[in-house]
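K.L.:
Sharing a structure here in structure tokens format.
Each reported figure results from applying straightforward, stated rules to the coordinates on display, with no laboratory input. Predicted model only: the values in this text are computed from it and were never measured. FYI the Cβ positions are ideal-geometry reconstructions off the backbone, even for glycines, and counts take in every protein chain you see.
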């Protein structure tokens, strides 16, 4: 049994690649479908759902690696001639299905990988390498684009697989020829001597199908982020100090891995006199909760069990600024979901004339504000949430 092709049958390397790919594909597709439909209302349900998605992603990467190896190997081989060259339409359909499969085995796992790398949180793959990809930014719009492509192109893959299986069974049970046997291990020299004669019609048709499906996905809005959360319309503030640039960042710990995001819309009214004694100033910051972007868990974070942005669209911190040695502290009250609690925010401040740069960080217990009550322990979601604030303001 040769490792390479003969004029009438496939070599063992190709056969191994074929059946290994089949095993992975027939496992990874049901895993993804089941995981996508599982509930995640409790710690146990979320952990199980994440575990299945991790297996799905890991197998997807293995499919990608095997597919590349298979393609590279195929480039070194001469494909055996078809068994029924006289059946033009059937041969063309078989060629088309094979090209759809070749494209899918690379495109589907690759889009899933890019989607995973472009977002943070939930179900890391289990391979001993990083979760990121070079040149792939951590960006929600990129993640949504490739998530949509992954979904659309996976449907082409499933259709091609079903046609491929149907064709193999038809050859085996109806035609009773050696099409299936010569892809199985052992000797099966059925067929006509000579090499396979391909043409450009099949790959072009496959690309046309991919283009049409991709266009249909765009028309359906599958590649752009959608949210039912309406952001609060924050009023402009009159302030002694005007914030010119800044960020309110948020870092949670999910499945023992940090997931970072930020609130994109907020206002801050600040008074501050570095030469005063005692209380140096005041700050009142209003945050649009619906503006939170935190990777793949954004929608869940804004949902009713967490920030409940639909019913509580803003959070407010109001406090007094005092000196603390060479640094400062903003002591005040943070209100989220109509729950108020005292917060002490230490921060550093650099003054250059009428320009100030501040940076501070505080750790908050999410349970204080009844955030994530279904996550009653830290096995899936840690209690501690780190808030990092950095801004530049002018007087």
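K.L.:
Using alpha-carbon pairs under 8 Å, 6+ residues apart, how would you state the relative contact order of the range 12-219 in percent?
P.N.:
Relative contact order for the range 12-219 comes out at 25 percent.
K.L.:
Once you sort the root eigenvalues of the Cα gyration tensor of the range 242-394 as a ≥ b ≥ c, which label holds: rounded (a/c under 1.5), prolate (a/b larger than b/c) or oblate (the other case)?
P.N.:
Prolate, since a/c reaches 1.5 and a/b exceeds b/c.
K.L.:
Is the shape of the range 225-288 rounded, prolate or oblate, going by the alpha carbon gyration tensor and its root eigenvalues a ≥ b ≥ c, with a/c under 1.5 for rounded and a/b larger than b/c for prolate?
P.N.:
Verdict is oblate for the range 225-288.
K.L.:
Relative contact order for the range 223-316: what percent, with Cα pairs under 8 Å and sequence separation of 6 or more?
P.N.:
Once normalised by length, the contact order is 28 percent.
K.L.:
Averaged across orientations, what area in nm² does the convex hull of the alpha carbons in the range 45-184 project?
P.N.:
Computing the convex hull of the Cα atoms and averaging its projections yields 11.1 nm².
K.L.:
With each run of n ≥ 4 DSSP H residues scored as -39500 (n - 2.57), what mean residue ellipticity at 222 nm is computed for the chain after dividing by its residue count and rounding to the nearest 500 deg cm²/dmol?
P.N.:
-12500 deg cm²/dmol
K.L.:
May I pose another question? Please give the length that would be gained between residue 211 and residue 6 if that part of the chain were fully extended, namely 0.36 nm times their separation in residues minus their C-alpha to C-alpha distance (nm, one decimal).
P.N.:
Here the answer is 70.3 nm.
K.L.:
Using the 10 angstrom Cβ neighbour count as an exposure proxy, how do 242, 58 rank, fewest first?
P.N.:
242, 58
K.L.:
Here's another thing I want to ask about it. Bin all alpha-carbon pair distances of the chain at 20 Å intervals from 0 and give each bin's fraction as a whole percent.
P.N.:
23, 40, 23, 12, 2
K.L.:
Give me 183, 157 sorted ascending by neighbouring Cβ count inside 10 Å, so fewest comes first.
P.N.:
Fewest to most other Cβ atoms nearby, the residues stand as 183, 157.
K.L.:
Taking the mean number of other Cβ atoms within 10 Å as a proxy for protection, how do you rank 104-113, 340-349 from highest to lowest?
P.N.:
Those peptides, ordered most packed to least, come out 104-113, 340-349.
K.L.:
Classify the range 49-105 as rounded, prolate or oblate, taking a ≥ b ≥ c as the square roots of the eigenvalues of its Cα gyration tensor: rounded when a/c is under 1.5, otherwise prolate if a/b is larger than b/c and oblate if not.
P.N.:
Since a/c reaches 1.5 but b/c is at least a/b, the shape of the range 49-105 is classed as oblate.
K.L.:
Normalising by the residue count of the range 65-155, find the relative contact order in percent from Cα pairs under 8 Å and 6+ residues apart.
P.N.:
Relative contact order for the range 65-155 comes out at 30 percent.
K.L.:
Gaussian network model of the chain, Cα springs within a sub-10 Å range: biggest mean-square fluctuation belongs to which of 274, 264, 284?
P.N.:
274
K.L.:
Here's another thing I want to ask about it. For the range 13-116, compute the orientation-averaged projected area of the C-alpha convex hull (one quarter of its surface), in nm².
P.N.:
With the hull built on Cα positions only, its mean projection is 8.0 nm².
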